[in-house]
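**Q** Have a look at this one before I ask anything.
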Amino acid sequence: MCGIVGYSGSRQATVVILDALKKLEYRGYDSAGVAIVGDDMQVHKDKGEIAVMESTLPDFKGGVGVGHTRWATCGRPSKENAHPFVDCTGRIALVHNGILENYAEIKRKLITEGHRFTSETDTEVLVHLVEKYFHGDLRAALNEALKEVRGSYAIVMVQVGSDKVVATRKENPLVVGLGVDENFIASDVTALLDYTNKIMYVMDEEVVELDPHRVRIFDRDGEEVKRQPEIITWSAEDAQKGGFEHFMLKEIYEQPEAIHNTLLGNVNALESGEFMPNVDFGGIKILACGTSFHAAMVGKYVLEKVAKIPVTVELASEYRYATGAKECPLVILISQSGETADTLAAAREAGRRGCRTLAITNVVGSSITREVGETFYTRAGPEIGVAATKTYTAQLVALYLIAMRIAYAKKTMSTDHLREMRAALIALPQVVRRVLDNASEAEAAAEDLYQARDIFFLGRNINFPVMLEGALKLKEISYIHAEGYAAGELKHGPLALIDSRTPVVAAVIKDHTYDKMMSNVAEVQARDSPVLAIGTEGDQDLPNVVSRVILIPEVPAMFVPFPLSVVLQLLAYYTARRKGCSIDKPKNLAKSVTVE
Ligand code: AGP
């Protein structure tokens, strides 16, 4: 996720673009840059937040330009990898938000054709492709270039000698802002609200051409589209949250996209081994903290079942004390921020012990990537809410992909079975969307929970760690004491705490744990506990047994953690909201925990 802006009009483009970019900084902040059309293309960029780039920005003059604030996905955060990129002639500048799957092969070809590259990014191939097809018409060149790329994108371009801004999108947002003697384009309306509230949304694969006096939109067949502008009544702050009340809710709703982006490219590389080429190891240890630790626990079930490899999971903060344990050949460290001090210390310790190390993180170039041998990047985009949501489901995707990669390479599963798993993975964004469509049920269920002092979350098998995560999410943002428990363990102690004032949230999924979970529900109901059951669509019995039920789409048992996690996130969110808690910034907690 990055923020992009384009402008053509009567003001100084630098001023407008900087201002608009700052409103988009929540979409990425590891490097930034602008390109302003003058006699030559005037480009300035730097690593760090927009203010860093701004502090050394020359006084560029011109009414046309593009800008970018980056959240790195391909190529570490650096000045060289910052956008905009210019072609070999220095006359075309381009910014991009998204992921190009086949950039490496295009880059190889362009280099043999004589194009000179200056960065590690996927984006740079776009500007050289456009250059290759440019014969005076930027829109035509863009159309030709797009025929060669696979992936997702929002692209904005400008060219020396022209007041036009040309843009397009696929699976990444882009909106046009209409002004008087000026027009704008940006990743979202937040960037534009200080200038205009007259907005036109750009649809997938449409191409936009704008100048100070006219905006034209073309469909994928090149036909001009007529579109009425909409008047936006949100405040700039609301717009930054995409109209959601909190970043956490927005990020919960971004999960279909986060999952899709993390799958992009990787799911097609399962057999070829473009990621994790060497799968020659006999055991895995996973180290992480908090939510990432729960993702690791889910990953253990998947890796052991699919890759048939023994997996141990340890809290990163405890790893240093396990001096007697036999070392594992591969240690996976999971940290969405890549900055968690305990996980960094564990990575160093694993390195000292001679283990091969692999990090799963959401932040390109974060500290953990410098402590390990290999990195798998999730592509959830920046997460602002302290409670991890979309980064967690993206971590799950990474672990499922790694398990399947090992299974393909070591043939630990039949090809048919792997094909089914692949299809289930690809269907996940749709499954999550269906859960989100039912969010009102979680909101209603929160009414039963928000006054409780203690709540138990019960599950079995792969859904046990999912319930641990559900409990963590609830306690973190609603301040209600919540405990996740393996349902079979309840009778070994905690049952003593169950009474009519202690609600139980139970995962009663239609799989091999169903009957036992039904017994556990009966067990707590016999102690008068109000039960919220999360079950499978089509289950006729469960709704007759419990006082409240939320049904999730039926998916293969191994994939239940995805829809189940999303329901639990919504439940935590609505419970905290009902209590009036500070959801995005819970007390005593920080987004990245940099102390041990
Ligand atoms: C998650 O909601 C929490 N804020 C917290 O448990 C977090 O997962 C933990 O601090 C680990 O963070 P990391 O993934 O950035 O390493």
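The values are calculated or read from the model by the stated rules, or taken from the named source; none is laboratory data. Bear in mind the structure is a predicted one, so any value in this text is a computation, not a measurement. Note that each Cβ is placed from the backbone with ideal geometry, even for glycine, and that neighbours are counted across all protein chains shown. When the accessible area is computed, the model is the full protein with side chains, heavy atoms only, and any ligands, DNA or RNA have been set aside. Shrake-Rupley method; radii C 1.70, N 1.55, O 1.52, S 1.80 Å.
**Q** Using helices alone, I'd like the mean residue ellipticity at 222 nm for the chain: each DSSP H run of four-plus residues gives -39500 (n - 2.57), total over residue count, nearest 500. Numbers along the way, then the final one.
**A** Details: 19 runs with 207 residues, N = 596.
Calculated mean residue ellipticity at 222 nm is -10500 deg cm²/dmol.
**Q** Answer rounded, prolate or oblate for segment 529-570, using the Cα gyration tensor with square roots of eigenvalues a ≥ b ≥ c: rounded when a/c is under 1.5, else prolate when a/b is larger than b/c, else oblate.
**A** Since a/c reaches 1.5 but b/c is at least a/b, the shape of segment 529-570 is classed as oblate.
**Q** A further question on this structure: Note down the magnitude of the dipole of segment 268-398 about its Cα centre, charges +1 on Lys and Arg C-beta and -1 on Asp and Glu C-beta and zero elsewhere, to the nearest 20 debye. Don't jump to the answer; show the numbers that get you there.
**A** Values: 13 positive and 13 negative charges, 36 e Å.
The dipole magnitude comes to about 180 debye.
**Q** Normalised by the number of residues in segment 352-415, what is the relative contact order in percent for Cα pairs under 8 Å and 6+ residues apart?
**A** Rounded, it is 25 percent for segment 352-415.
**Q** If you don't mind, another one. Relative to the longest principal axis of the C-alpha atoms of the chain, give the angle of the C-alpha long axis of helix 103-112, reported between 0 and 90° and rounded to the nearest 10°.
**A** Helix 103-112 and the main axis of the chain meet at about 30 degrees.
**Q** So, one more: Quick one: putting +1 on the C-beta of Lys and Arg, -1 on the C-beta of Asp and Glu, what dipole do you get for the chain around its Cα centre, in Debye to the nearest 20? List each step's numbers first, then the result.
**A** Values: 66 positive and 79 negative charges, 255 e Å.
It works out to roughly 1220 debye.
**Q** Using a 10 Å cut-off on Cβ atoms, rank the peptides 104-114, 74-84, 417-427 from the highest mean neighbour count down. Walk me through the numbers before you get to the answer.
**A** Details: 104-114: 13.5, 74-84: 20.9, 417-427: 15.4.
Order by mean packing, descending: 74-84, 417-427, 104-114.
**Q** May I ask for the equivalent-ellipsoid semi-axes of the chain, computed as the square root of five times each C-alpha gyration tensor eigenvalue and listed largest first in whole Å?
**A** Numbers: eigenvalues 389, 152, 93 Å².
The answer is 44, 28, 22 Å, longest axis first.
**Q** Same structure, new question: Per residue, how many Å² of accessible area does segment 411-496 show with a 1.4 Å probe?
**A** Details: 3780 Å² over 86 residues.
Each residue of segment 411-496 exposes 44 Å² on average to a 1.4 Å probe.
**Q** Between residue 11 and residue 59, what is the FRET efficiency for a Förster distance of 22 Å, r being their Cβ-Cβ separation, to the nearest 0.05?
**A** Values: r = 14 Å, r/R0 = 0.65.
For R0 = 22 Å, the calculated efficiency reads 0.95.
**Q** Report, to the nearest whole %, how much of the accessible area of segment 456-557 belongs to carbon and sulfur atoms, 1.4 Å probe, protein only.
**A** Details: 2000 of 4060 Å².
Using a 1.4 Å probe with all protein chains present, segment 456-557 comes out at 49 percent carbon and sulfur.
**Q** What net charge is computed for the residues neighbouring residue 20, neighbours being all others with C-beta under 14 Å from the C-beta of residue 20, Lys and Arg scored +1, Asp and Glu -1? Don't skip to the answer; put the middle values down first.
**A** Details: positive: 11, 22, 23, 27; negative: 19, 25, 54, 182, 188, 194.
Result for the neighbourhood of residue 20: -2.
**Q** Given the pairs 250/585; 23/591; 250/300; 285/305; 390/411, which are separated by over 23 angstrom at their Cα positions? List each step's numbers first, then the result.
**A** Numbers: 250/585 14 Å; 23/591 20 Å; 250/300 29 Å; 285/305 15 Å; 390/411 31 Å.
In this structure, 250/300; 390/411 exceed 23 Å between Cα atoms.
**Q** How long are the semi-axes of the ellipsoid equivalent to segment 1-80, from square roots of 5 times the Cα gyration tensor eigenvalues, in whole Å, largest first? List each step's numbers first, then the result.
**A** Details: eigenvalues 83, 33, 22 Å².
Taking √(5λ) for each eigenvalue gives 20, 13, 10 Å, largest first.
**Q** Near residue 581, within a Cβ-to-Cβ distance under 13 Å, what is the net charge of the other residues, with Lys and Arg +1 and Asp and Glu -1? Intermediate values should be presented prior to the final figure.
**A** On the way: positive: 473, 475, 577, 578, 579, 585, 587; negative: 245, 476, 584.
For residues surrounding residue 581, the net value is +4.
**Q** Another one. For the Cα atoms of the chain, what angle does the longest principal axis make with the long axis of helix 439-449, in degrees from 0 to 90, nearest 10?
**A** Helix 439-449 and the main axis of the chain meet at about 40 degrees.
**Q** What is the percent carbon and sulfur in the accessible area of segment 28-121, measuring with a 1.4 Å probe over the protein chains and ignoring ligands? Intermediate results must be reported in sequence, preceding the final value.
**A** Working: 1880 of 3800 Å².
That fraction is 50 percent.
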